[in-house]
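Working notes, structure below.
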Amino acid sequence: MAATTNTTKAALVLALLALLPPSILGARTRPSSPHHSQGHKRSPPPASATPPPPAPAAPSEAAGLVHATCNSTAYYDLCMSTIGADPSSATADVRGLSSIAVSAAAVNASGGAATAVALATGGNTTTAVDGTVQALLRTCATKYGEARDALSAARDSIAQQDYDYASVHVSAAAEYPQVCRVLFQRQRPGEYPPELAARRETLRRLCTVALDIITLLSNKTN
């Protein structure tokens, strides 16, 4: 009797299974996916693309300021070479650039004084220097020294933002060596040393550059 009952139950189960759709049967018999058994996981993000190389650096603001400032002077190339040779120009404003130009002129004036002294003592030649020429050269050394001192005063005036006095001092510095040239023309025509002539011309140009920058600076503050 029990065997008959079990056989009947088995037949009923088989009949019910036969009536179920195949999709349900597949879903019930498909083994669970390891992905679902471990919970939902996000796939790793794609690797970021290699960043593009940085663009070439634009000219620095300081270099642009030096260029613009020198472009306002009568001797652009001299201005660029003189100011560019000073490392402090990389962080200087226009006032700082004017001070650099004045300092360069002062160095030239000091060199002119040293050259005149060397010529007066015969340090640059084996030929004896006569008394008149020696006296003239000593006067030249004094005048170049006065030009150096005037430029030092101009630098102080720039630091105090007194640009009118700075211009007066620089203008005076450019004129002092002219006295040397005029004295030679009057007392020893044709004997004006070429070394001093070169110094005088360079100093004149440096003073012109300094004056042009001081004028630009003065106009900015007015």
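The values are calculated or read from the model by the stated rules, or taken from the named source; none is laboratory data. All of these numbers come straight from a predicted model, not from anything done at the bench. Every residue, glycine among them, receives a Cβ derived from its backbone with ideal geometry; neighbour counts consider all protein chains shown. We work out accessible area using only protein heavy atoms, side chains counted, and drop any ligands, DNA or RNA first. Shrake-Rupley method; radii C 1.70, N 1.55, O 1.52, S 1.80 Å.
Say whether the condition of being within 39 Å of the chain's Cα centre (by Cα), modelled with pLDDT of 95 or more and open to solvent by 50 Å² or more (accessible area, probe 1.4 Å) is met by at least one residue in the stretch 135-142. Checked against the condition, which is being within 39 Å of the chain's Cα centre (by Cα), modelled with pLDDT of 95 or more and open to solvent by 50 Å² or more (accessible area, probe 1.4 Å), the stretch 135-142 yields at least one hit. The numbered conditions (1) open to solvent by less than 50 Å² (accessible area, probe 1.4 Å); (2) in contact (Cβ under 8 Å) with a residue 12 or more places away in the chain are all true for Gly122 except (2).
Given the structure, is Arg155 open to solvent by 20 Å² or more (accessible area, probe 1.4 Å), in contact with a Ser or Thr (Cβ under 6 Å, 6 or more places away or on another chain) and within 24 Å of Ser81 (Cβ to Cβ)? Spelling it out, Arg155 is indeed open to solvent by 20 Å² or more (accessible area, probe 1.4 Å), in contact with a Ser or Thr (Cβ under 6 Å, 6 or more places away or on another chain) and within 24 Å of Ser81 (Cβ to Cβ).
Evaluation of Ala109 against the conditions (1) touching a Phe, Trp or Tyr at 6+ places or on another chain (Cβ under 6 Å); (2) open to solvent by 50 Å² or more (accessible area, probe 1.4 Å) shows that the sole unmet condition is (2). Taken over the stretch 164-210, the criterion of being open to solvent by 40 Å² or more (accessible area, probe 1.4 Å) and either closer than 17 Å to Val129 by Cβ or not in a helix (DSSP H, G or I) (or both) is satisfied by Leu183, Gln187, Arg188, Pro189, Gly190, Glu191, Tyr192, Pro194, Glu195.
The rows are residues; the columns are (1) among the aromatic types (Phe, Trp, Tyr); (2) over 18 Å from Cys180 (Cβ atoms); (3) out of contact with any helix residue (DSSP H, G or I) (no Cβ under 6 Å at 6 or more places or on another chain).
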position	(1), (2), (3)
Ala74	no, yes, no
Met80	no, yes, no
Ile83	no, yes, no
Asp86	no, yes, no
Thr91	no, yes, yes
Ser98	no, yes, no
Ala105	no, no, no
Ser110	no, no, no
Val117	no, no, no
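Taking the numbered list (1) modelled with pLDDT of 95 or more; (2) surrounded by fewer than 20 Cβ atoms within 10 Å (Cβ to Cβ) in turn, Ile213 passes all entries but (2).
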